[in-house]
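The block underneath contains the structure these notes are about, expressed in structure tokens.
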């Protein structure tokens, strides 16, 4: 099966890092198709970045609409609902996948995100997935997206420190890493803190593979029905593809 | 004070209709600045449309960043959080404003939206505003965005019929109209059903005016802090403006 | 339009203070009618005070039932639901209005109330308005109702200190002041802390004005239907007025 | 022990009916002290009635502050929080007691209230007790307070019919009767429908007895601390009693 | 009436301690029947212990199915739902009873449990009873089940210390003791901390007595219907008893 | 990797059916180890059955504690939390897995369970997984556990009919089958109704495989820490195994 690893930001080396992690967990029959947004923010730190990235995600899915499954590889899951409308193959966000996996490993998890500005929005995202009652806390490491990852020793120490506080003070049993750029951190952080640490890239790639194996596809019944055939002004209408089906 | 009435879709006559309603409720010292998205969907019916429209909203706010208040005039409030990052003036969505107004007129309200596909997503939107416990039901009139409004007699009858069911079967005490194109319907529907009917355009224009009069501005503390100075690829970075402040 | 600014406690100078704030935000076409409860507590600190004050609010609304809108000017919103039954004009509490306004300025707000005893009850009140998921914390300044306000320098410092903790430790993006007597504090507190500070008096006056401009009236469908024609013993039945309609 | 059965409305024959039910369940060492509000509504159908009745409840408790436990015998629990402030003995409302008892007999209950206008407010009351997730539905029999009870054959049939619908359509496993005047109905309704039917008067009398036997008293820590020594205008300050303690 | 005090663990002296407390609150017409599980854990500290204890509870109820009421005397309420299926008499858990009693004494309570491992599970249990919105915190004294009780002075000090923190830092107005072995602690802890302290044994015995006095029985309508006549392998089918009814 | 497919009931042909489904979705490197409870109910229809089955699940896991992952193959997830304590390998219930998968395919799902008695308990189970806000309804097909499956044409028709109602009346976008015995139904039901239909067996097998590939293990931090070394009476203590680690 062919699974898209779709990076909503435009930083290709981040796609590469995530692809490397994804390859480490993907079974032999999975072909990973790495896609990087062609226009838009090089990192997604604000709702503004997210707005432009969501459009970029829709663009990418439209151009690669024949794959068997899709991973939206940004922890804020930009464009997730839009992508689900554009294809029938399953689509999973790395934020969403990490929360779902964490729920099977303990009764409560904490999310370690990048910047403090993301904390209230991250709570809204978790609640939108219906899991508002499952998290112990959301904490920020204070490390921008493009500086995350094992190569940044000080940044990694900050992630570990917030994880330690989440476990000790907030009662977290499981940690979720809140950025695709942290995909190479789970083993390091878990070894330090002695709790499971979930990276969304690995989680989403295996989760969407599982959905595909079960023959499950996105419901076209209501929320994620094919887009209506709306005319667009100043750009190609994205609904063309499903209409031709 | 100068208040933007920002239509996230690209259909100018819909901007005109909404402007007319807005003028009917705006106090004398309010200058309404009607803005219409320059690129993107002519109507917002799907999450895909919403993704592109959110980027369009961010574009418009960036270009008109010096106003005293902003109304995002689409009931799904596309780009609302992004807009709040781009300015410090208060920004209100017509969906949000309608829910808040409805909460002051009865203990439960029902939303009458356009197409059935929007029902689960509308519930998520209401819950995101924290009001998941206040609505009795979400019902769809089955009328597409561009066909809403008093000129469509059959469509209006469908709105009234769903409103009637919301009151009789779901226990709604107040109705909220779920599309900017329905802005000319409140009096017609209310006269038929005998309950208050809230249109978001009028609600948002008066609400944002109230926020301005109180000297209140969007918090820059966390969720709606100015965008980070992220580089963009293939397009102008939207964060330029606040950085120059 | 004529808007009642109804003080549920019997302290007239507190009515005056609030009226002064209200005048500062009311548009030119709004005539404010200040009303002070004639019997009952000089301040509302307990549920007992609230019980007597609720009856006083009903008395006042009955005597002034011909206005265009009503503001219940006590942060615990005493008698709010009763007042809504007695008139069809919109009625807004200053607690309620402040929470609703705060919701448009950030994702989470904190309430700074007067005495610690009010903390659990304030949480119940916010939850009753359906906004239990939107607040970061409720904190008490330890200042009794009649000692609040800018003239009390130490009390104001206590409000600022609790606000500072709400922002720093609880993640509040917006502060709500939990007493009508604090109506002259928003600018002082906001200047200190750099976040928007919402006073309910200004919020409620502008909010109810907005409802009136939209032609919206309290639903008589269910929760706030006119009172039943119940006989009263030892006092005039309050339902007389609506019965004469 | 001496337990107050406090009727918040001024209809003495309703006090008598409830006293008769209370006597049927009170253990031998319990002396029931029947109290009837001296001023105010003869029945509590609206929030206005509730406001005046709450003041009446506070009056009664102040005058009879030396009892061992208190039952507020109206299903909307008027003045419950105020009463808890005025004494340290446990105070239980018949609405509250019925919900709590129902929770031990099945996973979901339905409330059969008097008039349809009470439905949304009853939901708020149940949620205020924290049990918003435990009820299947709230239904109204359409019988006013003073016409409830076994003597009204048609009214009782209406209660049974709504109970039948609650069980058959809403999935209720237990029924709660939503008016003190229905205190003589449980056996009749239960025999018809085959599910447990909880009357709040019997529930509250036995519940408060249990609290007293356990030596438990109302917390004076925060929400129900003794009233502050607030001056009152035009009436005696209710806080006098606790101040003299 | 005959009430079972059913200890789900196999430690008889713990049954004796709890029986002593139960006798102190049971009215004269209540005969307490102390039952101790015959197989299984000597204390219930883990979900594994709880699984085996639940089967033991079902065994015991089957063998003593003719009593008038049942108390499951372990704070995690093991086998509560199973017991409710096996009899029609009311069944109350000491965890459940303590939460319900606490709800009548303040707006928020804190639970002081035994070991820290129980904290997230205790939150789930409280939420299952629908009271997730009523507790301020769950804290652990770090004292194993078999070491709880007044005889353990250091352990009691630890309970008091966590209770003090719950009141001072978490805002608890009422404390609930989270182990049947703590049944002799309420007076000691309450005297130290000045807030009501609820022990579940006393609460459950009086609560179930109240249910019996009201003639209330477990609903057989849905969740707690008699067990289906399922064949068992390697053991006697527990459903035999109700089938013979 | 070796994954346990653990049937909590004692009906071996049901294990076989589920194994067949599991084999259809398991990747080539997964060895499925089918385990059937040795003592206890032949089907799990009641809480009593569940209590005995939970002990049986703990027995089985103790005896097979060296596998790489565990699937608890009963839709009520009996013994799930106990199993998580006994091993560090990931453990997933088929109920839980189905809900999580369903959440990625639409905004709301409905559960089609076996008997009506399970409806309220199923709601509690879904809420315990934190997903109380994601389901549209729980409906019962009225088919006992041992009669489910494609071989029962009438039973399958009943499942389809309830699914149809869930989609048409309750707004479900995805269906979840609420019994391991329905594992061969998804394609049949999905073909009829045009929405994704999730069977928990396939979901759990692929989900646990994904967790293993990511190197994730159950948190031993709190809720699922190794069992305490509690003595057992009349049976072997289950905690022996982890103590020897």
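Computed from the coordinates by the stated procedures, all read-outs in this text should not be read as laboratory data. Predicted, not measured: the structure shown is a model, and the values here were computed from it. Every residue, glycine as well, gets a Cβ built from its backbone with ideal geometry; the counts of neighbours run over all protein chains shown.
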Exercise for the section: Determine the shielding of peptide F:52-60 by partner chains: average, over its residues, the number of Cβ atoms on other chains within 10 angstrom of each Cβ. Expected result: 6
Fill in the blank from the handout: CD proxy, 222 nm, chain F: helix-only mean residue ellipticity via -39,500 (n - 2.57) per DSSP H run with n ≥ 4, per residue, nearest 500, stands at -13000 deg cm²/dmol
Problem - 19 Å cut-off, amide nitrogen to a point 7 angstrom out along residue B:66 Cα→Cβ, residues in region B:23-39 - result: B:30-36
Practice task
Measure off 7 Å from each Cα along the Cα-to-Cβ vector at residue D:116 and residue C:116, then give the distance between these two points in nanometres to one decimal.
Solution key: 4.9
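How big is the equivalent ellipsoid of chain E along its three axes, where each semi-axis is √(5λ) from the Cα gyration tensor, reported in whole Å from largest to smallest? Could you put the intermediate results ahead of the total?
Values: eigenvalues 175, 66, 58 Å².
Over the Cα atoms of chain E, the ellipsoid semi-axes are 30, 18, 17 Å.
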Exercise for the section: Starting from the exponent 0.38 and prefactor 2.2 Å, build the expected Rg for region A:97-198 from its residue count and divide its actual Cα Rg by it. Expected result: 0.95
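Classify region A:23-144 from the C-alpha gyration tensor, please: rounded if a/c falls under 1.5, else prolate or oblate depending on whether a/b exceeds b/c. Each step should come with its number before you reach the end.
Working: a/c = 1.84, a/b = 1.30, b/c = 1.41.
Oblate shape, in that a/c is at least 1.5 and b/c is the bigger or equal ratio.
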Handout entry: Ranked packing of C:200-207, D:52-59, D:189-196, most packed first, by mean Cβ within 10 Å
Key = C:200-207, D:52-59, D:189-196
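Which whole number gives the average count of other chain Cβ atoms within 10 Å of the Cβ atoms across peptide B:172-182? Don't skip to the end; give the middle numbers.
Details: counts 4, 11, 5, 1, 0, 0, 0, 0, 0, 0, 0.
That average works out to 2.
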Exercise for the section: When a/c is below 1.5 the answer is rounded, else prolate if a/b is larger than b/c, else oblate, so apply that to region C:38-94 with a ≥ b ≥ c taken from the square roots of the Cα gyration tensor eigenvalues. Expected result: prolate
Handout entry: region E:96-198, relative contact order in percent, only Cα pairs under 8 angstrom and at least six apart counted
Key = 34
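Need one value for C:153-159: mean number of C-beta atoms belonging to other chains within 10 Å of its residues' C-beta atoms. The partial results should precede the final answer.
Working: counts 0, 0, 0, 0, 0, 0, 0.
The per-residue average across the peptide is 0.
Based on the mean of other beta carbon atoms within 10 Å per residue, what is the order of E:7-13, C:2-8, most packed first? Please list the in-between numbers first.
Details: E:7-13: 22.6, C:2-8: 25.6.
Result, highest mean Cβ count within 10 Å first: C:2-8, E:7-13.
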Problem - Viscosity 1.567 mPa s, temperature 4 °C, Stokes-Einstein D of region C:1-71 from Kirkwood C-alpha radius, µm²/s - result: 104
Problem - Angle between chain C longest axis and helix C:200-213 axis [Cα atoms, degrees, rounded to 10] - result: 50
Practice task
Can you list the distances in nanometres, one decimal and ascending, from the residue A:2 label point to the identical position in each other copy, with the point 7 Å along Cα to Cβ?
Solution key: 3.9, 5.1, 7.5, 7.5, 8.7
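Grab the eigenvalues of the alpha-carbon gyration tensor for the protein assembly as shown, scale each by 5, take roots, and send me the semi-axes largest first in whole angstrom. Walk me through the intermediate numbers first.
Working: eigenvalues 385, 385, 174 Å².
Whole-Å semi-axes of the equivalent ellipsoid: 44, 44, 29.
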Fill in the blank from the handout: With the label set 7 Å along Cα→Cβ, residue F:28 is separated from its counterparts in the other copies, in nm and shortest first, by 0.4, 8.3, 8.3, 8.3, 8.3
Handout entry: FRET efficiency estimate (nearest 0.05) - Cβ-Cβ, residue A:191 to residue B:168, R0 60 angstrom
Key = 0.45
Exercise for the section: Could you let me know the centre-to-centre spacing of region F:28-49 and region A:95-166, using Cα atoms, in angstrom? Expected result: 36
